[in-house]
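The values are calculated or read from the model by the stated rules, or taken from the named source; none is laboratory data. Just so you know, these numbers come straight off a predicted model, no measurement behind them. Please note: Cβ atoms are built from the backbone with ideal geometry, for glycine as well, and neighbour counts cover all protein chains shown. We work out accessible area using only protein heavy atoms, side chains counted, and drop any ligands, DNA or RNA first. Shrake-Rupley method; radii C 1.70, N 1.55, O 1.52, S 1.80 Å.
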Amino acid sequence: MKKFLVLGVLFILPLVAYLFFASGVHNFSKLPVLNDQIGDLNNFEALSDEQVMFKDKISVLGFLGNDIFNKQGNAFNLNQKIYKKNAGFRDFQFVMALPFGSEDEAKELLDELDNITDVSGWKFVFGTPERIKTLFHSLGGPHTLDENLATNYVYIIDKNGSLRGRDGKLKENEIEVYGYDASSVADLSNVMNDDIKVILAEYRLALKKYKADRTEN
């Protein structure tokens with residue numbers, strides 16, 4: 001009797017665990033869409049000749065302003081806590097919007113980051129102050145740009161060009177999160193890192209489902 005009980009535990013428990021996690025896929029909590037009407041990058045010029053856009057990419061959008069080195073620590077925080085952990089995801093990119101005239105400083109920052117990691121996913125785009133303000137204000141939320149057209153906050157933009165974050169409805173006492181403070185290692189590690197994992201998992205699951213459907217057809 002004990003033998004059958006042990007065998008039952010060995011075979012049934014893994015099956016129950018599998019069914020539990022499999023059902024969890026269908027109940028997977030997505031990172032909420034906070035704004036699906038944000039601006040695009042059509043009026044910006046990239047540091048390289050490539051065209052940078054939000055469509056079909058998961059983007060971290062930042063505004064370093066015309067005094068880049070004042071925000072250099074933010075860039076290194078983001079690189080270490082967010083970018084390096086997820087750079088293997090093909091459609092993941094960092095987009096930094098800067099005013100014209102910041103190109104040389106941007107190249108210098110990119111070179112410094114390149115000493116640490118592959119920076120192919122870092123994209124710098126340049127525009128007029130008016131275009132930067134228009135893009136920033138299209139995000140909505142409580143944050144503001146300073147006099148240098150910069151902010152400590154960065155934003156998650158999905159493949160449809162929508163702003164993602166926390167709407168305060170997923171958990172009790174949860175607050176809304178429109179952006180993530182890149183000057184705070186704690187905010188990046190404890191909040192943004194989790195949200196990036198959620199949105200990347202969402203797209204990985206969607207890709208697996210797409211491949212499975214194609215195989216069945």
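List every residue pair whose Cβ atoms lie under 7 Å apart, where the two residues are 6 or more positions apart in sequence or sit on different chains, the first residue falls within the range 38-50 and is among the charged types (D, E, K, R) and surrounded by 18 or more Cβ atoms within 10 Å (Cβ to Cβ), and the second residue, located anywhere, is at pLDDT 95 or above and part of a loop (DSSP other than H, G, I, E, B).
Once the first residue is among the charged types (D, E, K, R) and surrounded by 18 or more Cβ atoms within 10 Å (Cβ to Cβ) and sits in the range 38-50, no partner that is at pLDDT 95 or above and part of a loop (DSSP other than H, G, I, E, B) comes close enough.
So residue 67 fits all but one of (1) of a type outside the set (Ser, Thr, Tyr); (2) modelled with pLDDT under 95; (3) open to solvent by less than 60 Å² (accessible area, probe 1.4 Å); what number is the exception?
Among (1) of a type outside the set (Ser, Thr, Tyr); (2) modelled with pLDDT under 95; (3) open to solvent by less than 60 Å² (accessible area, probe 1.4 Å), residue 67 violates only (3).
Suppose we filter the range 136-195 for residues that are closer than 17 Å to residue 96 by Cα, part of a loop (DSSP other than H, G, I, E, B) and β-branched (Val, Ile, Thr); how many remain?
The total comes to 1.
If I ask for residues that are in a loop (DSSP other than H, G, I, E, B), closer than 26 Å to residue 199 by Cα and in contact (Cβ under 8 Å) with a residue 12 or more places away in the chain, which ones from the range 84-115 would you list? Step through it out loud before you land on a result.
Quick first cut of the range 84-115, residues in a loop (DSSP other than H, G, I, E, B) only: 87-91, 100-102, 115.
Now narrow it down to the ones that are closer than 26 Å to residue 199 by Cα: 87-91.
The answer is 87, 89, 91.
How about the range 48-62: which of its residues are within 14 Å of residue 120 (Cβ to Cβ) and among the hydrophobic types (A, V, I, L, M, F, W, C)?
52
Could you check the range 116-135 and list, in sequence order, the residues that are assigned to a helix (DSSP H, G or I) and of a type in the set (S, T, N, Q)? It would help to see each step written out before you state the result.
Step one: list which residues in the range 116-135 are assigned to a helix (DSSP H, G or I), which gives 129-135.
Scanning the range 116-135 gives a single hit, 134.
Looking only at the range 92-122, count every residue that is closer than 22 Å to residue 55 by Cα and open to solvent by 30 Å² or more (accessible area, probe 1.4 Å) and tell me the total.
Of the residues in the range 92-122, 1 are closer than 22 Å to residue 55 by Cα and open to solvent by 30 Å² or more (accessible area, probe 1.4 Å).
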